[in-house]
Number of protein chains: 2
Amino acid sequence: MDAASIRKLNAALILDVLRGKGLVSRAELARLTGLTKPTISMQVAGMIERGVVVEDGAGAPDARGGKPPVLLRFNQDWGCLAAAEINSASVRVWLADLNGRTFDDEASPVTPELGAGHILDVLLASLRQVLKRSGQGQKLCSIAIAAPGRVDPATGTVLEAGNVFHWRNVDVKKRVEDNFGVPVAVDNDVNFAALGEMHSGLAAGVENFILIRHGTGIGAGLVIGGRLYQGSHFAAGEIGHLILDRMTMAPEVLTRGLLETAVGSDRVREKVLAAWSGQAGVPTPEPGADLAAELAALLRHGDESASLVLDEVASQMSIAVADMAAMLDPELIVLAGDLFALIAGRIRELVGRVIPWPMRIELSALGADAALMGAMGSARGLARDLIYESSRETARLPALR
Amino acid sequence: MDAASIRKLNAALILDVLRGKGLVSRAELARLTGLTKPTISMQVAGMIERGVVVEDGAGAPDARGGKPPVLLRFNQDWGCLAAAEINSASVRVWLADLNGRTFDDEASPVTPELGAGHILDVLLASLRQVLKRSGQGQKLCSIAIAAPGRVDPATGTVLEAGNVFHWRNVDVKKRVEDNFGVPVAVDNDVNFAALGEMHSGLAAGVENFILIRHGTGIGAGLVIGGRLYQGSHFAAGEIGHLILDRMTMAPEVLTRGLLETAVGSDRVREKVLAAWSGQAGVPTPEPGADLAAELAALLRHGDESASLVLDEVASQMSIAVADMAAMLDPELIVLAGDLFALIAGRIRELVGRVIPWPMRIELSALGADAALMGAMGSARGLARDLIYESSRETARLPALR
DNA sequence: TTGGTACGTTAGGTTTCCTAACTTACTAAA
DNA sequence: TTTAGTAAGTTAGGAAACCTAACGTACCAA
């Protein structure tokens, strides 16, 4: 720890305040950071020279008189950020300014059968295209990628990607870094979705929460103490393995009694088809259609089979939610996945019975964009070091007259 | 962030190395910390003046020649630490040096019926006694207290202490701080037990692990990212509420299907008594005796009832352990409680069936001292600030000749 | 006895921050 | 229109911590 570190820490402090507040004067920065006015002036001079900060007009002078403040603003166009998501239907890419505001995007259809190499090719081409189109290629600061499966964020490798993709040890980070030469973050899509809720969703400012996603698979993203928790084998939140058939550990539980097998969307569809009454005037459920919309339609027509299936699903999901709540005592549980809209009320009621303290259980508001928003937040974090690196040569500029 | 902060940070860095390594010379400190020799000399001079560090003999000179190093040592007797535990049978107090080595202790029998006020009186008296006996009262740096129930460590208040103590909102921290005028940490005994395993047990150096304690109640302490995680309502790890009777959320589950009700030691005793074969030559199980020892004796005599009961308990505990493993993906799970010695093997086997990655499941080695050891570690952490506060006046001492 | 090596100290310079005083630009009231 | 008051931002000087480079000290080995 030496003088240079002090300067960097103070630069980060100043920039954090500046990014958080929007327009701030030097004097107010001094008040907010606890640093003195000369220090702020010197630091800000360096930032302005590098272009990270710009002067942006005059503020209203104090009512009692006094020189009006010169307002400063973080220059969100100093660089740009990229986020990408690989899912079973497409590769999506977003480009955003340093405040995370998306200004361009691109989606390329893919299928898992294309294989890891080809899908990554699509991703790289897609990235290149948006960067070229926007003319911001030179300013790119960082990239974050939401990938399927179990990911080691330290190495940026997809260790294994479940039933759909059949990836093993795919080094996404290296591939992308080699092509763009900027820092790259890779993580699981559910984890990024949780970060998305934290950055710009329901969980803003929440220290401890869980995002549970329901789909073909079932997974959870855990945020503990304001940070993503991935687990020792990057498998934290793999609640598909939760055991439903309690009071016993019989071998058949391994195939029958696990949460994912019981209430994954494929199984729910089967159950609906099996139980469907065939009532006149009720639409026939079809494989391939939107499961949640279909169930909602059945419910509207007063179809009993749908309501019975949903009751069962709600009951089993409630067990998982209640157990997570009991173990982790989060402040909030966010439910992501269309089906949850139909059963959130029932889950709240059932969980409320077993958990003796108040707990918010909410439906995600970000929908399909959650992972990309979280990835963008992560890209923003990665870019911090580049932005905050304060150049030493700029110290103590002569006054401008 | 200013010059004074730099000095403090570097002082902490140096002292951490010194405490970790034992005997170190100034030159080696420079190498280990990355600071320069003059900086180390200056910092160390201040520490020696304050008595926090002492010179302790000469080291062996380098084989190639050269002046032999003067070895430095952290002065573990610069102050002392206290830890206390309140349990249903006694109030225990330990006194230790700054390295956490206990040099005096005291146990006072109490019963929960005495009430919070009286039990705290006993604790205070006990603390005063050991401090007086050792003559170290003036040097006391901090106190940590393992209390029963749900504790808010920020305020040091026992919010509620379960079935045994019937405490509500007992401000332990204030009471003790007012009496001794040193920083006081209060936390739940299971949490401190987990810290104990981390400081000086099986979990040394483990980032993510869970300690599960079985007794009348069942609770877990969660260490995530090397830090205790208490939850948003200080209820993390309250796995007594886990739901055993799956596939349903029927109302009767609330009394019948919760983990604590099913496998708490009281219930296990009932089960043993109910199932006992009354076989000749087998000792009769008696209420009040040591449950684990009794079960072990029954097993030795080949009693079938005991083995059936244990199988059931193991099966149900396994569900809880497997679920925690699936959700939190810890590196290690530590089992604390006598009963676990009889069923750990079975738990390992059952959990191994559902969790597809390797996971260590071990019996706690610290036994009844775990919570006190963890509390002592916490007291040591609290004392850091006092120890590391580097005095400004000592800068740049003239050379001694 | 001499050269080599490593420990720890001294001297001098750099960087950053702080305090105090100053200039600048505006309001409000005489 | 002038004058006093207030707040923003700059300048000047100094303090505190660090660093580099060189030096004195104590030991080994030939």
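The values are calculated or read from the model by the stated rules, or taken from the named source; none is laboratory data. What you are looking at is a predicted structure, and each value in this text was computed from that prediction instead of being measured. Using ideal geometry, Cβ is built from the backbone for each residue, glycine included, and neighbour counts are taken over all protein chains shown. We work out accessible area using only protein heavy atoms, side chains counted, and drop any ligands, DNA or RNA first. Shrake-Rupley method; radii C 1.70, N 1.55, O 1.52, S 1.80 Å.
Projecting the Cα atoms of A:Ala82, A:Ser25, A:Gly302 onto the charge dipole of chain A, computed from C-beta unit charges around the Cα centre, puts A:Ser25 farthest toward the positive end.
Per residue, the convex hull spanned by the Cα atoms of chain A measures out at 203 cubic angstrom. The solvent-accessible area of A:Val54, taken with every protein chain present and a 1.4 Å probe, is close to 40 Å². Here B:Glu28 sits with roughly 70 square angstrom of accessible surface, probe radius 1.4 Å.
Note on B:314-327: average number of Cβ atoms from other chains within 10 Å of each residue's Cβ is 6. Amide H contacts of A:Ser25 (H built 1.01 Å from N, in plane; Pro and chain starts excluded): A:Leu72 sit under 5 Å, all sequence-distant by 5 or more or on other chains.
Rg of the Cα atoms in the range B:3-75, relative to 2.2 N^0.38 Å, amounts to 1.07. In the protein assembly as shown, a dipole from Cβ-located charges (positive for Lys and Arg, negative for Asp and Glu) runs towards its positive end, and of B:Val184, A:Gly264, B:Asn163 it is B:Val184 whose Cα lies farthest in that direction.
What number, in percent, do you get for the relative contact order of the range B:27-155 if the mean sequence gap of Cα pairs under 8 Å and at least 6 apart is divided by its residue count?
Numbers: 177 pairs, mean separation 25.0, N = 129.
Relative contact order comes out at 19 percent.
Charging the Cβ of each Asp and Glu at -1 and of each Lys and Arg at +1, and nothing else, the dipole of the protein assembly as shown about its Cα centre rounds to 3680 debye.
Given H placed 1.01 Å from N in the peptide plane, which residues other than close sequence neighbours of A:Val110 have an amide H under 5 Å from its amide H? Those qualifying (amide H under 5 Å, at least 5 residues apart or on another chain) are A:Ser90, A:Val91. To the nearest ten degrees, helix B:370-388 and the longest principal axis of the Cα atoms of chain B are 20 degrees apart. Neighbours of B:Ala370 by Cβ distance under 10 Å: Lys/Arg scored +1, Asp/Glu scored -1, total -3. The alpha carbon centroids of the range A:204-226 and the range B:315-336 are separated by 20 Å. For chain B, a crude dipole built from +1 on the beta carbon of Lys and Arg and -1 on the beta carbon of Asp and Glu, taken about the Cα centre, is about 1900 debye to the nearest 20.
Amide hydrogen proximity for A:Thr216: with H placed 1.01 Å from N in the peptide plane, the residues at 5 or more positions away or on another chain lying under 5 Å are A:Ser265. On a per residue basis, chain B carries 43 Å² of accessible surface, using protein heavy atoms and a 1.4 Å probe.
Net charge of the neighbourhood of B:Leu98, taken over other residues with C-beta under 11 Å away and scored Lys/Arg +1, Asp/Glu -1, is +3.
Once you treat every alpha carbon in the protein assembly as shown as an equal point and sum by Debye, what is log10 I(q)/I(0) at q = 0.06, 0.07 Å⁻¹? The calculated log intensity ratios at q = 0.06, 0.07 Å⁻¹ are -0.49, -0.67. Peptide A:221-232 shows a mean partner chain C-beta count of 4 within 10 Å per residue C-beta. Computed about its Cα centre, the charge dipole of the range A:3-75 is approximately 140 debye, with only Lys, Arg, Asp and Glu carrying charge at their Cβ.
Working note: 222 nm ellipticity from helices only, DSSP H runs with n ≥ 4, each -39,500 (n - 2.57), summed and divided by the residues of the protein assembly as shown, gives -13500 deg cm²/dmol to the nearest 500. With respect to chain B, whose longest principal axis is taken over its alpha-carbon atoms, helix B:3-21 is tilted by about 60°. The range B:136-178 and the range A:9-34 have Cα centres separated by 39 Å.
Computed over protein heavy atoms with a 1.4 angstrom probe, the accessible surface ordering of B:Thr39, A:Thr36, largest first, is A:Thr36, B:Thr39.
Candidates A:Gln136, A:Gly149, B:Ala194 compared by Cα position along the dipole of the protein assembly as shown: farthest toward the positive end lies A:Gln136, with charges placed on Cβ.
In the protein assembly as shown, the DSSP beta bridges split such that about 65 percent are antiparallel, to the nearest 5. The lysines whose alpha-carbon is closer than 26 Å to the alpha-carbon of B:Lys139, local same-chain residues fewer than 8 away aside, are B:Lys8, B:Lys21, B:Lys173, B:Lys174. Among A:179-186, B:350-357, the peptide with the highest mean count of other Cβ atoms within 10 Å heads the list, and the full ranking is A:179-186, B:350-357. Taking trypsin sites (Lys or Arg not before Pro) across the range B:46-98, the ones in a DSSP loop with at most 14 further Cβ atoms lying within 10 angstrom of their Cβ are B:Arg64. Rounded to the nearest whole Hz, the Karplus-based 3J(HN,Hα) values (6.51 cos²θ - 1.76 cosθ + 1.60, θ = phi - 60°) of the range B:202-217 follow the sequence 5, 9, 4, x, 8, 6, 10, 8, 10, 9, 10, 10, 10, x, 4, x, with x at glycine and proline. Taking every residue in B:344-355 and counting other chain Cβ atoms within 10 Å of its Cβ, the average works out to 2. Here the Karplus curve 6.51 cos²θ - 1.76 cosθ + 1.60, taken at θ = phi - 60°, turns the phi angles of the range B:77-82 into couplings of 9, 5, x, 9, 10, 10 Hz, with x standing for Gly and Pro.
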